[in-house]
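Here is the structure we will look at, set down as structure tokens.
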């Protein structure tokens, strides 16, 4: 009896070891941090493990590797796996390999279907069959279903200062950009996502900057902003705040964007065309009004040419415009796209295509007006969890 009890105990010890074995995902995966504290303690560690959040490139090959905890494994395989969209519920792929055949060596990689070729926020579920040397010889063990509840499918490697990307940012950027797979669709989706975030930013009457730390205004209080939204609070934010946050969302998903501060050349301040400031409803005429500003900050792909070039492409999440640059009804924030172009010089000011003497774009007065770099010009903010 004592001998049998010892064997049962040994078996349970082995089973418990295998139950808590580590499973490493392989492919084009990127490191993550939680966005809760400064320093290395904030990193998702160990990285790329089943059970942890994962960040993986869209369209990439994907597999799993067994990380042995105690030795003695003879062979193993994935018995079931599913990748499921958290935004739509769609099962992107499902793998079923029942029975105890088709085992692979302990050091081999079990390859799964490729990651979908678009951005999304997903969940991964997997179970395994493991053959190991147990108390009575070779023994099969069927694991429970393990999961990584958060799989962030991104366009490309996250860009500084979102490298490693924050889990708390990807929860928003991957939802806003879901089902997109290129700069223009993804850029427009994130721009609209920030503008229509509820609760989210509300442009302040005092036009002040709230989320960049003075006196330099170069470090963004990212955790504090996201915590406020998570608690259900609206947050004041001017173009400095809104463009920097939008840039960070772009960077988290693999788009290398910067912010650019523009002013006009001939005079000090300028008067805008009627704009619907962020936090308001752009479908309502009464939400549009003109503003007097000294400068305005927008998002551009890093490396796009300085003004007055019309080759730079503009994404402006701070305010919606009633008309696009063709004079057609628009009522959304400018977001450069092949379907609706917002090049830099025309975005700033362009003669109306349908109403003589009227002007499209951001600036209504003075006329004519051309953009120039202002203050820091084209730049990137830093981030803090404080």
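The values are calculated or read from the model by the stated rules, or taken from the named source; none is laboratory data. If you're wondering where the values come from, they're calculated on a predicted model, not measured in any experiment. Cβ: placed from backbone, ideal geometry, glycine included. Neighbour counts: every protein chain shown.
For the reader, a short list of remarks on this structure follows.
- Of all the listed residues (78, 56), the sole one being more than 25 Å from residue 172 (Cα to Cα) and assigned by TED's automatic domain parsing to the domain that holds residue 138 is 78.
- Some residue of the stretch 183-192 being touching a strand residue (DSSP E or B) at 6+ places or on another chain (Cβ under 7 Å), crowded, with 20+ Cβ neighbours inside 10 Å and under 15 Å from residue 279 (Cα atoms): yes
- Complete set of residues in the stretch 18-39 that are in contact with a strand residue (DSSP E or B) (Cβ under 9 Å, 6 or more places away or on another chain) and either at pLDDT below 95 or part of a strand (DSSP E or B) (or both): 18, 19, 21, 22, 23, 24, 25, 26, 27, 29, 32, 33
- If the condition is being touching a helix residue (DSSP H, G or I) at 6+ places or on another chain (Cβ under 8 Å) and surrounded by fewer than 18 Cβ atoms within 10 Å (Cβ to Cβ), then the stretch 355-384 contributes 370, 384.
- Residues of the stretch 262-282 that turn out to be crowded, with 20+ Cβ neighbours inside 10 Å and within 29 Å of the chain's Cα centre (by Cα), as a count: 7
- Residue match in the stretch 122-144 (condition: in contact with a helix residue (DSSP H, G or I) (Cβ under 7 Å, 6 or more places away or on another chain), part of a loop (DSSP other than H, G, I, E, B) and surrounded by 14 or more Cβ atoms within 10 Å (Cβ to Cβ)): yes
- So residue 324, is it modelled with pLDDT of 95 or more and loosely packed, with under 14 Cβ neighbours inside 10 Å: no
- Condition met for residue 72 (over 18 Å from residue 29 (Cβ atoms), outside the structural domain of residue 254 (by TED's automatic domain parsing) and loosely packed, with under 14 Cβ neighbours inside 10 Å): no
- Of the strands (runs of 3 or more DSSP E) lying entirely inside the stretch 326-386, those containing at least 2 residues that are farther than 30 Å from residue 36 by Cβ are 329-332, 363-365, 371-379.
- Within the stretch 80-121, if we keep just the residues that are in contact with a helix residue (DSSP H, G or I) (Cβ under 7 Å, 6 or more places away or on another chain) and surrounded by 17 or more Cβ atoms within 10 Å (Cβ to Cβ), the residue that is nearest to residue 139 (Cα to Cα) turns out to be 121.
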